[in-house]
Amino acid sequence: MDIVFGAKTDVGLKREHNEDSLCADPKLGLFIVCDGMGGRNAGEIASGLAVEIIQKHMVDAHKAGGLPLIGTMNPKLSPETNRLASAVRLANQVVNGASQSKPGQSGMGTTVVCALLNGPMLSVAHAGDSRIYLVRGENIHALTSDHSLVAEQVRQGILTEEQAEKSAQKNIVTRALGVEESLQVDLDEIELVKGDIILLCSDGLTKGVKPAEIAKVLREEKEPQAACDRLIKMANAAGGEDNTTVIVIAVKQVGAGVWHQLMKHVTR
């Protein structure tokens, strides 16, 4: 698997501190964006802790293929995707425990969107309103569906997309890591091809920048880091009301992945 990537996080123009966290680990093929929520600096703690636990679980699994899974294995999905789900569930347990142990962290949580690249396979794990997009050719595809109040209202036909963008409730997330003792993680698998571009982002980007504008940047910029820098500037130009985090991954060649042999022996 031959990829190049860029990553950047920015506090924006209106917030005092950055509650987003990210991980870009090309050796594992692991990329994560988390957008924290909670009083004081609890959102920052939640997102940072989630990223730390997910990455550590994946490192531990890479070192020891028999590491037990957290939660039930889905036989319809690959071992790699099940392992990613396990990491997210473990992070949920840890963040939820931390939120209960300290009064100042009570109720903290974080969105989470993860991508695991292994050969031609992209595994996706997701909860909240951070997103993954795939740009293939001239088209951009959302690989995640927001877990938010207005997104659910749009899916039910209660609101139009335009009404949702103007809603005072657009920041209400209906699912997040760490808020409850257990977490339903949305999972998916996509077969990648040479030339694909993958974007992970927090909602600081998508609040002000449309998917078509995002796709244009990803197609025009030759270097992923330049694309990240440009997308951050666009988010701030649109108001910069929130923290913004982006990871851009360009697939140069599809080949064998680091998990291929190891995950044959995953513990069920």
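Among the residues making up the range 55-71, those that are without any contact (Cβ under 8 Å) to a residue 12 or more places away in the chain and either closer than 21 Å to Val33 by Cβ or not hydrophobic (A, V, I, L, M, F, W, C) (or both) are Lys56, Asp60, Lys63. Annotation note: Cβ proximity below 6 Å between a residue of the range 112-129 that is buried (at least 24 other Cβ atoms within 10 Å of the Cβ) and a residue that is of a type in the set (S, T, N, Q) and at pLDDT 95 or above (sequence gap 6+ or interchain) occurs for Val113/Ser130; Leu116/Ser123; Ser123/Thr81; His126/Thr144; Gly128/Thr111; Asp129/Thr111. Among all residues of the range 146-156, there is at least one that is under 27 Å from Asp25 (Cβ atoms) and of a type outside the set (Phe, Trp, Tyr).
In contact with a strand residue (DSSP E or B) (Cβ under 7 Å, 6 or more places away or on another chain) and more than 19 Å from Gly128 (Cα to Cα): does that describe Gly43? When the stated conditions are applied, Gly43 does not pass them. When the range 210-228 is examined, which residues are found to be in a helix (DSSP H, G or I), surrounded by fewer than 17 Cβ atoms within 10 Å (Cβ to Cβ) and not hydrophobic (A, V, I, L, M, F, W, C)? If the condition is that a residue be in a helix (DSSP H, G or I), surrounded by fewer than 17 Cβ atoms within 10 Å (Cβ to Cβ) and not hydrophobic (A, V, I, L, M, F, W, C), then Pro211, Glu213, Lys216, Arg219, Glu220, Gln225 are the ones that fit.
Summed over the range 10-20, the residues that are touching a residue at least 60 places away in the same chain (Cβ under 8 Å) and in contact with a helix residue (DSSP H, G or I) (Cβ under 8 Å, 6 or more places away or on another chain) give a count of 6. The number of residues in the range 52-69 that are of a type in the set (A, V, I, L, M, F, W, C), farther than 19 Å from Glu189 by Cβ and crowded, with 16+ Cβ neighbours inside 10 Å comes to 2.
If you check Asp10, Asp35 for being buried (at least 18 other Cβ atoms within 10 Å of the Cβ), over 15 Å from Pro224 (Cβ atoms) and under 13 Å from the mean Cα position of the chain (by Cα), only one passes: Asp35.
Okay, residues lined up against (1) closer than 14 Å to His126 by Cα; (2) part of a helix (DSSP H, G or I); (3) not basic (Lys, Arg):
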{"site": "Gln55", "(1), (2), (3)": "no, yes, yes"}
{"site": "Gly66", "(1), (2), (3)": "no, no, yes"}
{"site": "Thr72", "(1), (2), (3)": "no, no, yes"}
{"site": "Thr81", "(1), (2), (3)": "yes, yes, yes"}
{"site": "Val88", "(1), (2), (3)": "yes, yes, yes"}
{"site": "Val95", "(1), (2), (3)": "no, yes, yes"}
{"site": "Gln100", "(1), (2), (3)": "no, yes, yes"}
{"site": "Gly107", "(1), (2), (3)": "no, no, yes"}
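For the range 117-128, the count of residues that are in contact with a helix residue (DSSP H, G or I) (Cβ under 9 Å, 6 or more places away or on another chain), assigned to a loop (DSSP other than H, G, I, E, B) and modelled with pLDDT of 95 or more is nonzero. For the range 231-246, the set of residues classified as free of Cβ contacts under 8 Å to residues at least 60 places away in the same chain and either on the phi > 0 side of the Ramachandran plot or part of a loop (DSSP other than H, G, I, E, B) (or both) consists of Ala238 only.
Is it the case that Val251 is β-branched (Val, Ile, Thr), within 19 Å of the chain's Cα centre (by Cα) and not in a loop (DSSP other than H, G, I, E, B)? For Val251, the condition - β-branched (Val, Ile, Thr), within 19 Å of the chain's Cα centre (by Cα) and not in a loop (DSSP other than H, G, I, E, B) - is met.
Residues of the range 86-111 that are surrounded by fewer than 24 Cβ atoms within 10 Å (Cβ to Cβ) and either basic (Lys, Arg) or more than 18 Å from Met37 (Cα to Cα) (or both): Arg89, Leu90, Lys102. Taking strands (runs of 3 or more DSSP E) as the structural unit, those lying wholly within the range 138-209 and holding at least 3 residues that are at negative phi and surrounded by 19 or more Cβ atoms within 10 Å (Cβ to Cβ) correspond to 197-201.
The values are calculated or read from the model by the stated rules, or taken from the named source; none is laboratory data. The structure displayed is predicted, hence computed values, not measured ones. Note: ideal-geometry Cβ built from the backbone for every residue, glycine included; neighbour counts use all protein chains shown.
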